[in-house]
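Colleague: The structure follows.
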Amino acid sequence: MLEGLKSCTKCLLHKERNNVVLCDGSEKAKVMLIGEAPGADEDASGKPFVGRAGKLLNELLKSAGIDRQKDLYICNTVKCRPPQNRKPTDAEKQACRPYLEEQIKKVNPQVIILCGATAMTSFIEDKITITKARGKVFEVKGVKFVPIFHPSYLLRYHSTEEGSPRDVTKKDLIFVMGLLS
């Protein structure tokens, strides 16, 4: 099914895309990170998390002792960039859902990091904010999900002091790696 993704027309996002943004990292990773949607840099390169938010994610991963290429498989809820970097609609997420589920099945991760509220609400139906959910484990159909703040949100907060959004995100990433058996 993933082979057909480049010619996918299930939603209107295909009309303006330059590239389908499928994944980065290792298919053998025990941890999958699912983001929201590709931005302009991702659409241009065909890889997730390569813009400003991606650079910050890389810094956070490195500070938590995580190798992006070996320890993670990174993808998004939708594979094409929404116009003006808006949040993907529920219909767009549903159109891409079979591709995302195939990625999850293929990688079979022990833990899935849900990066931001859009990714979180795609899997966790509890009426809970990302601020209250981050750093907690939610088990859905035998899969462990851990929400974290999205790096684009963290770009607004430069402090790395104890308890700051960047500090707790680094700690959340360390926590995820500790969940691996």
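Throughout, read-outs are computed from the coordinates displayed, never taken from laboratory work. Source: prediction; values computed, not measured. Don't worry about glycine lacking a Cβ; one is built from the backbone with ideal geometry, like all the others, and counts go over all protein chains shown.
Colleague: Would you say Ala119 is within 14 Å of Phe145 (Cα to Cα), part of a helix (DSSP H, G or I) and touching a residue at least 40 places away in the same chain (Cβ under 8 Å)?
Modeller: Against the criterion (within 14 Å of Phe145 (Cα to Cα), part of a helix (DSSP H, G or I) and touching a residue at least 40 places away in the same chain (Cβ under 8 Å)), Ala119 qualifies.
Colleague: Now, a different point. Among the numbered conditions (1) out of contact with any Cys (no Cβ under 7 Å at 6 or more places or on another chain); (2) of a type outside the set (Phe, Trp, Tyr); (3) closer than 24 Å to Phe123 by Cβ, tell me where Cys23 comes up short.
Modeller: Just one mismatch for Cys23, condition (1).
Colleague: Which residues, counting only those in the range 135-181, are among the β-branched types (Val, Ile, Thr), within 10 Å of Val111 (Cα to Cα), surrounded by 18 or more Cβ atoms within 10 Å (Cβ to Cβ) and in contact with a Leu (Cβ under 8 Å, 6 or more places away or on another chain)?
Modeller: Across the range 135-181, the qualifying residue is only Val146.
Colleague: Right, something else. Looking only at residues that are within 15 Å of Val50 (Cβ to Cβ) and surrounded by fewer than 21 Cβ atoms within 10 Å (Cβ to Cβ) in the range 62-96, which one is nearest to the chain's Cα centre (by Cα)?
Modeller: Among those residues, the one meeting the criterion is Arg68.
Colleague: Okay, next question. Can you find a residue that is closer than 23 Å to Leu13 by Cα and in contact (Cβ under 8 Å) with a residue 12 or more places away in the chain anywhere in the range 165-172?
Modeller: Among the residues of the range 165-172, not one is closer than 23 Å to Leu13 by Cα and in contact (Cβ under 8 Å) with a residue 12 or more places away in the chain, which makes the answer no.
Conditions (1) touching a Phe, Trp or Tyr at 6+ places or on another chain (Cβ under 7 Å); (2) over 21 Å from Asp41 (Cβ atoms); (3) hydrophobic (A, V, I, L, M, F, W, C), marked per residue:
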| position | (1), (2), (3) |
| --- | --- |
| Arg86 | no, no, no |
| Val143 | no, yes, yes |
| Phe149 | no, no, yes |
| Glu161 | no, yes, no |
| Pro165 | yes, yes, no |
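Colleague: So Val111 ticks every box in (1) in contact (Cβ under 8 Å) with a residue 12 or more places away in the chain; (2) closer than 21 Å to Leu155 by Cβ but one. Which box is left unticked?
Modeller: Going through (1) in contact (Cβ under 8 Å) with a residue 12 or more places away in the chain; (2) closer than 21 Å to Leu155 by Cβ one by one, Val111 breaks only (2).
Colleague: Still on this structure: How many residues, within the range 41-87, are farther than 23 Å from Thr9 by Cα and of a type in the set (Val, Ile, Thr)?
Modeller: 2
Colleague: Something else about it: Just to verify a result, which residue in the range 39-49, among those that are surrounded by fewer than 22 Cβ atoms within 10 Å (Cβ to Cβ) and of a type in the set (A, V, I, L, M, F, W, C), is farthest from the chain's Cα centre (by Cα)?
Modeller: Filtering the range 39-49 for residues that are surrounded by fewer than 22 Cβ atoms within 10 Å (Cβ to Cβ) and of a type in the set (A, V, I, L, M, F, W, C), the one farthest from the chain's Cα centre (by Cα) comes out as Ala44.
Colleague: Does Ala64 count as in contact (Cβ under 8 Å) with a residue 60 or more places away in the chain and within 17 Å of Glu16 (Cα to Cα)?
Modeller: Answer is no for this residue.
Quick grid of which residues meet (1) touching a helix residue (DSSP H, G or I) at 6+ places or on another chain (Cβ under 8 Å); (2) under 12 Å from Glu36 (Cα atoms); (3) part of a strand (DSSP E or B); (4) free of Cβ contacts under 8 Å to residues at least 24 places away in the same chain:
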| residue | (1), (2), (3), (4) |
| --- | --- |
| Tyr99 | yes, no, no, no |
| Lys105 | no, no, no, yes |
| Thr131 | no, no, no, yes |
| Glu139 | no, no, yes, yes |
| Lys144 | no, no, yes, no |
| Ser152 | yes, yes, no, no |
| Tyr157 | yes, no, no, yes |
